[in-house]
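Asks: Following this message is one structure expressed as structure tokens.
The values are calculated or read from the model by the stated rules, or taken from the named source; none is laboratory data. Quick caveat: nothing in here was measured; it's all calculated off a predicted structure. Glycine gets a Cβ as well: all are built from the backbone with ideal geometry, and neighbour counts include every protein chain shown. These accessible areas exclude ligands, DNA and RNA; they are computed on the full protein's heavy atoms, side chains included. Shrake-Rupley method; radii C 1.70, N 1.55, O 1.52, S 1.80 Å.
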Amino acid sequence: MADIAIQAADDPEAAVASRRRFVNRVIIYGLLFGFAVIYVLPLVVVVLNSFRDQPEIARNGLIALPESLRLSAWPEAWSGYCIGGACEGMQRYFYNSLLMTIPATIISTAIGAINGYILSKWRFRGSEVLFTCMLLGVFMPGQISLMPWAFILGNIGLSNTIGALILVHCVQGISFTTLFCRNYYVAIPDDLIKAARIDGAGFWRIFRKIILPLSPPILIVTVIWQFTGIWNEYLFGVVFTSGSQQPITAALVALTSGAQVATAYDVMSAAVLIGALPPLLVYFFGGKYFVRGLTQGAIK
């Protein structure tokens, strides 16, 4: 305020402009803070309820600070809560999601990297048409592919298996990984590839020695994108699997079908956090690399 007063004495127009910037900054930061509170509040409520017991929640309501921190809901949600008639908690479904997400992420990213390498550095007649057709998978709703996938999985004997979900997510994710990698590899100078070919390097040697060492930024982007998308996906999991073969997202929806008379909000909150933990960890530890990789690809 002292600076504003000095500016007002020396230059009234500068003082008005300074006050306007100050007010605009306060408004912008106030709006951002308000939106952040609205966005984070549901997560805070779930976290707090996971450390409260059911009698306390029934007495004080869902939105309240815990009187004391209790961890009893977490082991029950992990291994004791009844879901779909089986009182085994979330552990089986958590492992199902890991068995589904990790291979599907690795395979789809590897195929996308090879596709992007081919479509950017080994162009052939019709490669642009092929790339355009692959892009349709980015914009195609998943509901359209349910019937064809059900027919295919039934005929190859993968119905109601984790392998079926791995196959589905690998194929469904190729469009995204190919798009990311191809657009990134286009920025690599063609002269570098030509020089390697003159020196006798072939398709796979160029890929291993030149393309892959330059790929960590975009590979991190695709891995994070695929992991979070596959882990959080619900439609394919609930359609193509049932019972103990379902991923954790389907199990979370089935929590309300338990045999308990009263809803156990404490256990449900802990179960939701267990299901959300891997994507949250990926976000906290890899979020900056995700943004950096996208920015680097955009600048190139």
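Asks: Could you give every pair whose Cβ atoms fall below 8 Å, whose first residue belongs to the stretch 113-126 and is open to solvent by 40 Å² or more (accessible area, probe 1.4 Å) and modelled with pLDDT under 95, and whose second residue is among the acidic types (Asp, Glu) and assigned to a helix (DSSP H, G or I), counting only separations of at least 6 or pairs across chains?
Replies: Pairs that qualify, where the first residue is open to solvent by 40 Å² or more (accessible area, probe 1.4 Å) and modelled with pLDDT under 95 and the partner is among the acidic types (Asp, Glu) and assigned to a helix (DSSP H, G or I): there are none.
Asks: Now a separate question. For GLY173, all conditions in the list (1) crowded, with 20+ Cβ neighbours inside 10 Å; (2) part of a loop (DSSP other than H, G, I, E, B) hold save one; what is the number of the exception?
Replies: Against the list (1) crowded, with 20+ Cβ neighbours inside 10 Å; (2) part of a loop (DSSP other than H, G, I, E, B), GLY173 comes up short only on (2).
Asks: Next question, about the same structure. Is there a residue in the stretch 177-190 that is buried (at least 20 other Cβ atoms within 10 Å of the Cβ), within 28 Å of ASN96 (Cα to Cα) and β-branched (Val, Ile, Thr)?
Replies: Within the stretch 177-190, one or more residues are buried (at least 20 other Cβ atoms within 10 Å of the Cβ), within 28 Å of ASN96 (Cα to Cα) and β-branched (Val, Ile, Thr).
Asks: Related question: What residue, of GLY112, GLY89, is of a type outside the set (D, E, K, R), in a loop (DSSP other than H, G, I, E, B) and under 25 Å from the mean Cα position of the chain (by Cα)?
Replies: GLY89
Asks: Since TYR81 meets every condition but one in (1) open to solvent by less than 70 Å² (accessible area, probe 1.4 Å); (2) in a helix (DSSP H, G or I); (3) touching a residue at least 12 places away in the same chain (Cβ under 8 Å), which condition does it not meet?
Replies: Against the list (1) open to solvent by less than 70 Å² (accessible area, probe 1.4 Å); (2) in a helix (DSSP H, G or I); (3) touching a residue at least 12 places away in the same chain (Cβ under 8 Å), TYR81 comes up short only on (2).
Asks: Considering the stretch 148-161 alone, what residues qualify as being open to solvent by 20 Å² or more (accessible area, probe 1.4 Å), among the hydrophobic types (A, V, I, L, M, F, W, C) and in contact (Cβ under 8 Å) with a residue 40 or more places away in the chain? Show your work before the answer.
Replies: To start, the set of residues in the stretch 148-161 that are open to solvent by 20 Å² or more (accessible area, probe 1.4 Å) comprises 148-152, 154-161.
Those left that are additionally among the hydrophobic types (A, V, I, L, M, F, W, C): 149-152, 156, 158.
Within the stretch 148-161, TRP149, ALA150 meet the criteria.
Asks: So, in the stretch 37-78, how many residues would count as being open to solvent by 40 Å² or more (accessible area, probe 1.4 Å) and in contact with a Lys or Arg (Cβ under 7 Å, 6 or more places away or on another chain)?
Replies: Here the count works out to 2.
Asks: Look at the stretch 19-36 and say how many of its residues are polar (S, T, N, Q) and open to solvent by 100 Å² or more (accessible area, probe 1.4 Å).
Replies: Going through the stretch 19-36 one residue at a time, the tally reaches 0.
Asks: Within the stretch 146-160, track down each residue that is in contact with a Phe, Trp or Tyr (Cβ under 9 Å, 6 or more places away or on another chain) and not in a loop (DSSP other than H, G, I, E, B). Lay out the reasoning, then the answer.
Replies: From the stretch 146-160, those in contact with a Phe, Trp or Tyr (Cβ under 9 Å, 6 or more places away or on another chain) are 146, 149-150, 153, 158-160; that's our starting set.
Those that are in contact with a Phe, Trp or Tyr (Cβ under 9 Å, 6 or more places away or on another chain) and not in a loop (DSSP other than H, G, I, E, B): LEU146, TRP149, ALA150, LEU153.
Asks: Separate question: Which ranges mark the helices (runs of 4 or more DSSP H) fully within the stretch 196-277 that have 2 or more residues being of a type outside the set (A, V, I, L, M, F, W, C) and open to solvent by 30 Å² or more (accessible area, probe 1.4 Å)?
Replies: Filter on the stretch 196-277 gives 216-232.
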